[in-house]
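Single-structure report; data block below.
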Amino acid sequence: MTLRIAHIADTHLGYRASYLPGRDKHFAQSWIAACQQIVDAQPDLIIHAGDLFHHPHPTWGAVASFISGVRLLQT
């Protein structure tokens, strides 16, 4: 039997850089794209290995991005 595993890490949702405006949106878009690729691959197991959020107390926007990705994964 073959077990297909999707592994993702270091998404750092909510990351902001003063010298790169909108960087948090790029990280959110990458998260959503990765979630869609996982859905398309139809793995048996999904592992997120850490650093989901960039800050210990994420912004509501970062949390909303996370929820959007998880909703894709629920399909």
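The values are calculated or read from the model by the stated rules, or taken from the named source; none is laboratory data. Only a predicted model underlies this, so the values are computations on that prediction, with no experimental measurement involved. Ideal geometry is used to build each Cβ from the backbone, glycine not excepted, and the neighbour counts take in all protein chains shown. Accessible surface areas use protein heavy atoms only, side chains included; no ligands, DNA or RNA. Shrake-Rupley method; radii C 1.70, N 1.55, O 1.52, S 1.80 Å.
Brief remarks follow.
- In the range 27-37, the residues that are in contact with a helix residue (DSSP H, G or I) (Cβ under 7 Å, 6 or more places away or on another chain) and open to solvent by 50 Å² or more (accessible area, probe 1.4 Å): ILE32, GLN36
- Condition met for ASP51 (touching a helix residue (DSSP H, G or I) at 6+ places or on another chain (Cβ under 9 Å) and either open to solvent by less than 80 Å² (accessible area, probe 1.4 Å) or farther than 20 Å from GLN74 by Cβ (or both)): no
- When ASP40 is tested against (1) farther than 17 Å from ILE8 by Cβ; (2) free of Cβ contacts under 8 Å to residues at least 24 places away in the same chain, only condition (1) is not met.
- If you go through the range 6-28 and keep only what is hydrophobic (A, V, I, L, M, F, W, C) and touching an Asp or Glu at 6+ places or on another chain (Cβ under 7 Å), you end up with just ALA9.
- Answer residue from the range 60-75, given it is touching a helix residue (DSSP H, G or I) at 6+ places or on another chain (Cβ under 8 Å) and of a type in the set (Val, Ile, Thr) and is nearest to LEU3 (Cα to Cα) among those: THR75
- Against the test of being open to solvent by 80 Å² or more (accessible area, probe 1.4 Å) and part of a helix (DSSP H, G or I), the options ASP10, ASP40, ASP24 yield a single qualifying residue, ASP40.
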